Amino acid sequence: MAEAKTATGMARISLVSGFYDGRLAAGIAAKSPIPRVPASPVATDRPQDSPALAARAAAVLSPYPAFPARPPSGIQPMTKRLLSALAAVALSFVSLAAQAQDVTVGALTIEQPWSRATPPAGKTGAGYLTIENKGATDDRLTGAAIDPAIADAAELHTMTMDNGIMRMRPVDGGLAVPAGQTVALSPGGVHIMLVGLKAPLKQGTRVPLTLTFEKAGTVGVELDVGKAGAAGPAGH
């Protein structure tokens, strides 16, 4: 009889213990809820998802960043400056190539032959150049000739002052070119007068002439026509 009472008591204790254990577990669960893990924004396609999240997800998933379609703005001005510099250099070479070339006959070198553009109604022009005698013998420029289609004649002239008046007159006997010296035909002094022009001289064109020297012989040159009133050959 005593054993039966003992078993009944133990069963009651077990029921009570289980009852309180269940209440304790429920209280802990109520006070410490298990956090819910939200769904990843990358995996969802719900309409309420923001475009910013979608863009961020695309950037994360993309293996390489997108390259800009155009180069950075700082490169463009640099490229333009480089192209401008190259264009300026190219133009300078073209300008040098366009200038009349120096020519040599015997010991004489004829340098920088040039002229000036003339007005539409002008009938005269002038040619200028420099003659360097690198030899040991004196020489002399005795005359010049021009194509009749360009002008009637090419004559050696000089400018002189006569009672305060500047006069132009032919050079008698030609122009001496001493050995080892340089003689310049320039505005206001000795020059080659182009008489009876058939058409005005235009800037950027060339006028062919034939020079005759007493010892060196004849040589062809081209006058590089510069702007009207120019003080010297183009590029100098």
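Coordinate-derived values only; no laboratory data. None of the values given here were measured: they were computed from a predicted structure. We place every Cβ from the backbone using ideal geometry, glycine too, and count neighbours over all the protein chains shown.
Quick notes on this structure:
- Full extension of the chain between residue 165 and residue 134 gives 7.5 nm of extra length, using 0.36 nm per residue less the Cα-Cα distance.
- When the listed pairs 198/227; 134/202; 123/227 are checked against a 25 Å cut-off, the alpha-carbon distance exceeds it for 134/202.
- Residue order, fewest to most beta carbons within 10 Å, for 224, 138, 162: 162, 138, 224
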